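Visitor: Submitted below is the structure of interest, expressed as structure tokens.
Nothing in this text is a laboratory measurement; each read-out follows from the coordinates by a stated rule. None of these values were measured; they are calculated from a predicted model. Every residue, glycine among them, receives a Cβ derived from its backbone with ideal geometry; neighbour counts consider all protein chains shown.
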């Protein structure tokens with residue numbers, strides 16, 4: 001991680017802007033899930049993770065209560081992360097197919113993983129106010145990832161947050177905003193946005209998203225980023 005990202009992330013993990021999210025993340029960390037009762041939960045905002053020179057940036061929804069809110073690393077310690085990192089490993093973007101803990105040795109190459117909201121929300125549903133409160137962290141983080149050629153939006157919430165960020169950053173965007181859908185691509189002047197269903201259990205257990213579908217999205221991102 002670059003020094004600049006390190007400074008941003010050091011500030012981020014101390015953020016307490018959203019009272020509802022602060023209360024929830026800390027309560028989950030104290031009460032714990034029985035299967036993780038022996039572990040110390042992170043219970044703080046979760047910074048983005050990956051290669052600071054990445055050409056592919058993945059934007060999710062928010063940390064899972066017993067996933068990243070427990071481990072302290074994005075998409076780490078839950079089934080969504082299992083799916084994502086298998087796909088990244090298959091595409092040559094990660095050093096291993098599993099992400100179980102912040103100190104498990106996983107390294108990303110040419111990929112960076114973050115989310116629209118950095119604290120675990122109740123029922124996995126942050127509010128629009130909480131999204132907007134967190135937008136300054138997105139602005140700071142993505143602003144330093146200046147080699148990005150592809151944004152992969154994992155779910156509609158991440159897509160909307162990224163769109164708002166880009167508009168605020170002065171990027172010329174088409175109007176109206178293209179409707180979110182799995183596999184939708186939006187080619188802009190300096191980069192491309194690719195939409196994917198989120199690898200949540202709601203999508204993977206129902207078959208709405210298969211591993212083959214997610215692999216295809218990641219492979220397409222690699223293809224575009226290498227041009």
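Visitor: If you work out Cα extents along the principal axes in Å from the coordinates, which of [x] 46, 39, 37; [y] 64, 41, 31; [z] 47, 36, 34 do you get?
Guide: [z]
Visitor: Over region 88-227, what relative contact order in percent results from Cα pairs under 8 Å that are six or more residues apart? List each step's numbers first, then the result.
Guide: Values: 133 pairs, mean separation 30.5, N = 140.
That works out to 22 percent.
Visitor: How far apart, in nanometres, would the label points at residue 38 and residue 96 be if each is projected 7 angstrom from Cα along the Cα-to-Cβ direction?
Guide: So the two model labels end up 1.9 nm from each other.
Visitor: Right, another one. With angles folded into 0 to 90 degrees, how steeply does helix 79-90 sit against the dominant principal axis of the chain? Use alpha carbons for both and round to 10.
Guide: On a 0 to 90 degree scale, this one is about 40.
Visitor: Kindly list the residues of region 76-95 that lie in the label zone of residue 211, defined by a backbone N under 13 Å from the point 7 Å along the Cα-to-C-beta vector.
Guide: 82-91
Visitor: Additional query: Can you give me the distance in nm between label points at residue 103 and residue 226, each placed 7 Å from the Cα along the Cα-to-Cβ direction?
Guide: My value for the distance between the label points is 3.6 nm.
Visitor: If you don't mind, there's one more thing I want to ask. When the Cα centres of region 108-164 and region 28-92 are compared, how far apart do they sit, in Å?
Guide: After rounding, the separation between the Cα centres reads 14 Å.
Visitor: Sticking with this one: Would you mind checking the tilt of helix 211-225 against the longest principal axis of the Cα atoms of the chain, expressed as 0 to 90 degrees and rounded to 10?
Guide: Computed tilt is about 60 degrees.
Visitor: Quick check: convex hull over the Cα atoms of region 18-87, volume per residue in Å³, rounded to an integer?
Guide: Cα-based convex hull of region 18-87, divided per residue, equals 98 Å³.
Visitor: On a 0 to 90 degree scale, rounded to 10, what angle separates helix 156-168 from the longest Cα axis of the chain?
Guide: The angle comes out near 60 degrees.
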